[in-house]
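Q: Provided herewith is a single structure, encoded as structure tokens, for subsequent inquiry.
The values are calculated or read from the model by the stated rules, or taken from the named source; none is laboratory data. Small disclaimer: the values here were computed from a predicted structure and weren't measured. Glycine also receives a Cβ, built like all others from the backbone with ideal geometry; neighbour counts cover every protein chain displayed.
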Amino acid sequence: MSEHPLAADLIRAHLARVEQLRVRAQAEGLKSAVDDIKRLQALRFRATYADFLGQARYAPATRFFLDELYGVHDFMQRDAQFSRIAGALERLFPEAVAQLAVDLAETHALTEVLDQQLATHWLTLNSAMPTATRYILSWRLTDSRAARDRQLSVVQHMGLELQRLTRLKSLRLGLRMMRNPAHLAGLDALQHFLESGFDAFSALGDARAFLDTIQERESRWIAALFDQPLEACSAALSRELVRHG
């Protein structure tokens, strides 16, 4: 198999950006606020997709997105593994995985950029105000509609790639055969991400309805968080967060 220099360069660039943001967050005292933002967003996501989490067909794919893309986790180990093997990705894993890795890296970088921008504004606002209102104001001060749209677009592409790849039985077998080599090479976190995605989308079958629903619901939230009158949007977000509880 040949290397994929463009994919490797993109992966390294995205993950270098994430590492820079981590360093900045620590240096500027933003980490706690970033974690608060991530927890709040994870709560909203779980509420918005509670119906999917309650269905056997959709639950694995929903958990994959919530845990592997938007979870409140330390992804340093996985990032380091992706970055370390970016140039040899197609030698170590089946060739079709390269674009999936690029999508993951870009989503990860976009999420970290946006979360850190939100956290910066979050800290300038009165901590006594309602959580939902504070979040919405932080969102609007960030003013990142294009980045939000891009984030959703990349997630959609990742889902379509996972659906396409899960139909290749030889690829799933190849991933299973990579377990021991991946473990020996110190690539456990990367292997876990790939297998989790493939297992989730294999259980899902045709992913179109699932991805269309994500597109519709997230587009609606993006529009509301930018454009809906503050009081109405705050009430809607508060209800969503309570609904999860």
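Q: Inside segment 99-152, can you point out the residues that are hydrophobic (A, V, I, L, M, F, W, C) and more than 19 Å from the chain's Cα centre (by Cα)? Please lay out each step first, then the result.
A: From segment 99-152, those hydrophobic (A, V, I, L, M, F, W, C) are 100-102, 104-105, 109-110, 113-114, 118-119, 122-123, 125, 128-129, 132, 136-137, 139, 141, 146-147, 152; that's our starting set.
Answer for segment 99-152, where residues must be hydrophobic (A, V, I, L, M, F, W, C) and more than 19 Å from the chain's Cα centre (by Cα): 122, 123, 125, 128, 129, 132, 136, 137, 141.
Q: Moving to a separate point now. Of all residues being of a type in the set (Gly, Ala, Ser) and modelled with pLDDT under 75 in segment 176-211, which is surrounded by the fewest Cβ atoms within 10 Å (Cβ to Cβ)? Just the residue, please. Write out each step before concluding.
A: Applying the first criterion (of a type in the set (Gly, Ala, Ser)) to segment 176-211 yields 182, 185-186, 189, 196-197, 200, 202-203, 205, 207, 209.
The next check asks that each one be modelled with pLDDT under 75; those that pass are 182, 185-186, 189.
Working: 182: 22, 185: 16, 186: 13, 189: 17.
Of everything passing the filter in segment 176-211, 186 is surrounded by the fewest Cβ atoms within 10 Å (Cβ to Cβ).
Q: Scan segment 53-82 and report the pairs whose first residue is over 15 Å from residue 196 (Cα atoms) and at pLDDT 80 or above and whose second residue is polar (S, T, N, Q) and assigned to a helix (DSSP H, G or I), with Cβ atoms within less than 9 Å and a gap of 6+ or a chain change.
A: 53/62; 55/62
Q: Search segment 155-165 for residues being buried (at least 19 other Cβ atoms within 10 Å of the Cβ) and hydrophobic (A, V, I, L, M, F, W, C), and hand back the single one that is farthest from residue 64 (Cα to Cα).
A: The extreme case among them is 165.
Q: While we're here: Return the pairs, sorted by first residue and then second, in which the second residue is among the basic types (Lys, Arg) and part of a helix (DSSP H, G or I), the first residue lies in segment 30-47 and is farther than 15 Å from residue 114 by Cα, the beta carbons are less than 8 Å apart, and the residues are 6+ apart or on different chains.
A: 47/243
Q: To continue, here is another question. Looking only at segment 106-131, count every residue that is within 23 Å of residue 240 (Cβ to Cβ), touching a residue at least 12 places away in the same chain (Cβ under 8 Å) and not in a helix (DSSP H, G or I) and tell me the total.
A: Total meeting the criteria: 2.
Q: Between a residue in segment 220-238 that is farther than 19 Å from residue 129 by Cα and any residue that is buried (at least 16 other Cβ atoms within 10 Å of the Cβ) and acidic (Asp, Glu), which pairs come within a Cβ distance under 9 Å, given they are 6 or more apart or on different chains?
A: 221/240
Q: Inside segment 132-158, can you point out the residues that are at negative phi and not in a helix (DSSP H, G or I)?
A: 144
Q: Residues in segment 216-232 that are under 16 Å from the mean Cα position of the chain (by Cα), surrounded by 15 or more Cβ atoms within 10 Å (Cβ to Cβ) and not acidic (Asp, Glu): how many?
A: Going through segment 216-232 one residue at a time, the tally reaches 1.
Q: Looking for something closer than 19 Å to residue 60 by Cβ, surrounded by 15 or more Cβ atoms within 10 Å (Cβ to Cβ) and at pLDDT 75 or above - is there at least one such residue anywhere in segment 166-175?
A: Yes - at least one qualifying residue is present in segment 166-175.
Q: Moving on to the next point. Residue by residue through segment 1-25, note down the ones that are among the polar types (S, T, N, Q) and either closer than 14 Å to residue 103 by Cα or at pLDDT below 80 (or both).
A: 2
Q: Let me ask something else about it. Report yes if residue 144 is under 24 Å from residue 190 (Cα atoms), modelled with pLDDT under 95 and surrounded by fewer than 21 Cβ atoms within 10 Å (Cβ to Cβ), otherwise no. Explain how you work it out, then say what you get.
A: Values: under 24 Å from residue 190 (Cα atoms): no; modelled with pLDDT under 95: yes; surrounded by fewer than 21 Cβ atoms within 10 Å (Cβ to Cβ): yes.
Considered against the rule, which asks whether it is under 24 Å from residue 190 (Cα atoms), modelled with pLDDT under 95 and surrounded by fewer than 21 Cβ atoms within 10 Å (Cβ to Cβ), residue 144 comes out as no.
Q: Another question, if that's okay. From (1) under 18 Å from residue 38 (Cα atoms); (2) out of contact with any Gly (no Cβ under 9 Å at 6 or more places or on another chain); (3) touching a residue at least 40 places away in the same chain (Cβ under 8 Å), pick out the condition that doesn't hold for residue 171.
A: Checking residue 171 against (1) under 18 Å from residue 38 (Cα atoms); (2) out of contact with any Gly (no Cβ under 9 Å at 6 or more places or on another chain); (3) touching a residue at least 40 places away in the same chain (Cβ under 8 Å), the one that fails is (1).
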